[in-house]
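Read the figures in this text as sums done on the coordinates, not as results from a lab. Everything numeric here is computed off the predicted structure, so don't read it as measured data. Glycine gets a Cβ as well: all are built from the backbone with ideal geometry, and neighbour counts include every protein chain shown.
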Amino acid sequence: MAIVYQTDKRSGITYAYESISYWDKDKRQSRSKRTLIGPVDSKNRKNVRQTAEDGKNKEAHTVAKRGPVPICANVTLFYGATYLLDQIGANTGVTEDLKACFPDKYRQILSIAYYLVLEDSAPLYRFEKWSHLHKHPYGQNITSQRSSDLFASITEDAKYKFFQLQGKRRTERNFWAYDITTYPASPNF
């Protein structure tokens, strides 16, 4: 085994290869198989792997790549149903009331509520897959353990405050009417 150095004429970067010689019986010639080790550090003429292993130069193994660098990543997310739920939350005041009662957790609560509404009977451990496909208020994955922690952190006082705020909104604009009349039972003759 030997280490062979070869310079790329276009970029000027020198690469180190591990070369293993063997005898080819068919061609009756000596051949070699080369495996790329990596670029060579021009300062101390060592290949990058040896330099990194020696711990002398940790930065040497990062080589600047040529070519365009993407500015942003393309992501496609479903947004129609969650947009509708955003509008319902804004119009009914649910989002505003959640923000008032749970200022640091309301986005997580909304995202889990969206998931439960849109996925009907799907268990919460499937939230991760749904999260990667849909735009939602929290915008990140909520693991099953984090959702359990979130539910455990919601106090009775905070729930009561939320329902009070929602109750005030409903009494201002809406009302329920109940018909409590009863029909007499018909006599059996």
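Applying the Karplus relation 6.51 cos²θ - 1.76 cosθ + 1.60 with θ = phi - 60° to the range 109-116 yields 3J(HN,Hα) values of 4, 4, 4, 5, 4, 4, 4, 5 Hz, where x marks Gly and Pro.
The lysine pair count for the range 80-173, using Cα distances under 20 Å and pairs eight or more places apart or on different chains, is 8.
Rounded, prolate or oblate, given the Cα gyration tensor of the range 80-173, with a/c below 1.5 counting as rounded? In terms of gyration-tensor shape, oblate.
Summary value for the range 80-173: 33 percent relative contact order, contacts being C-alpha pairs under 8 angstrom separated by 6+ residues. Each residue of the range 157-162 was assigned a 3J(HN,Hα) from its phi angle through the Karplus expression (A = 6.51, B = -1.76, C = 1.60, θ = phi - 60°), giving 4, 5, 4, 4, 4, 4 Hz with x at Gly and Pro.
Net charge of the neighbourhood of Met1, taken over other residues with C-beta under 12 Å away and scored Lys/Arg +1, Asp/Glu -1, is +1.
Placing pseudo-labels 7 Å out from each Cα toward the beta carbon at Leu133 and Ile3 gives an inter-label distance of 5.1 nm.
In what sequence, highest mean first, do 122-130, 74-82 appear when ranked by Cβ atoms within 10 angstrom? Spell out each step's value before the answer.
Numbers: 122-130: 14.2, 74-82: 10.9.
Top to bottom by mean Cβ count within 10 Å: 122-130, 74-82.
For Thr95, what is the net charge nearby, where nearby means another residue's Cβ is under 11 Å from its Cβ and Lys, Arg count +1, Asp, Glu -1?
Working: positive: Lys99, Arg107; negative: Asp86, Glu96, Asp97.
Within the 11 Å Cβ shell, the charges total -1.
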